[in-house]
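The values are calculated or read from the model by the stated rules, or taken from the named source; none is laboratory data. Small disclaimer: the values here were computed from a predicted structure and weren't measured. When we count neighbours, we look across all protein chains shown, and the Cβ atoms used for this are built from the backbone with ideal geometry, even at glycine. Just so you know, the surface numbers come from the protein's heavy atoms only, side chains and all, with ligands and any DNA or RNA stripped out. Shrake-Rupley method; radii C 1.70, N 1.55, O 1.52, S 1.80 Å.
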Amino acid sequence: RGSFQRSQDTLYTLAADTGGKALLDSNDLGRGIVEAQRATGSYYVLGYYTTNEKQDGKFRRIEIKLKDGREATLEYRKGYYAQKTWTN
């Protein structure tokens with residue numbers, strides 16, 4: 001049972017780290033399809049291009065906020081790792 005829980009934790013973490021959502025082990029395919037449809041019913045795709053040109057491999061946080069006190073459910077990657085230049 002511990003191995004099963006760890007595998008689900010891994011899938012959940014992978015989905016969260018990449019801006020996705022894990023639909024795990026409910027044994028109800030219909031419910032999973034309804035949740036997926038609801039999650040993709042209306043959405044926006046935003047692009048981000050950094051101005052930080054350092055290739056240091058560090059984690060860079062991203063935060064998205066809505067203006068004027070508006071509310072919405074926001075699901076997005078919380079950051080990314082910069083490219084790294086390897087030298088000898």
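Of note:
- Pairs where the first residue, in the range 50-69, is under 9 Å from ALA82 (Cβ atoms) and the second is part of a strand (DSSP E or B) and open to solvent by 60 Å² or more (accessible area, probe 1.4 Å), C-beta under 8 Å, 6+ apart: GLN55/LYS84; ASP56/LYS84; GLY57/TYR81; GLY57/LYS84; LYS58/TYR81; PHE59/TYR81; ARG60/TYR81
- Within the range 60-71, the set of residues being closer than 24 Å to LEU14 by Cβ and either loosely packed, with under 10 Cβ neighbours inside 10 Å or touching a helix residue (DSSP H, G or I) at 6+ places or on another chain (Cβ under 8 Å) (or both) comprises ARG61, GLU63.
- Within the range 6-40, the set of residues being of a type in the set (Lys, Arg) and either part of a loop (DSSP other than H, G, I, E, B) or open to solvent by less than 60 Å² (accessible area, probe 1.4 Å) (or both) comprises LYS21 only.
- Close pairs from the range 1-28: first under 14 Å from ALA39 (Cβ atoms) and modelled with pLDDT under 80, partner basic (Lys, Arg) and loosely packed, with under 12 Cβ neighbours inside 10 Å, Cβ under 9 Å, at least 6 apart: LEU23/ARG31
- TYR43 vs. criteria modelled with pLDDT of 80 or more, open to solvent by 70 Å² or more (accessible area, probe 1.4 Å) and closer than 27 Å to GLU71 by Cβ: no
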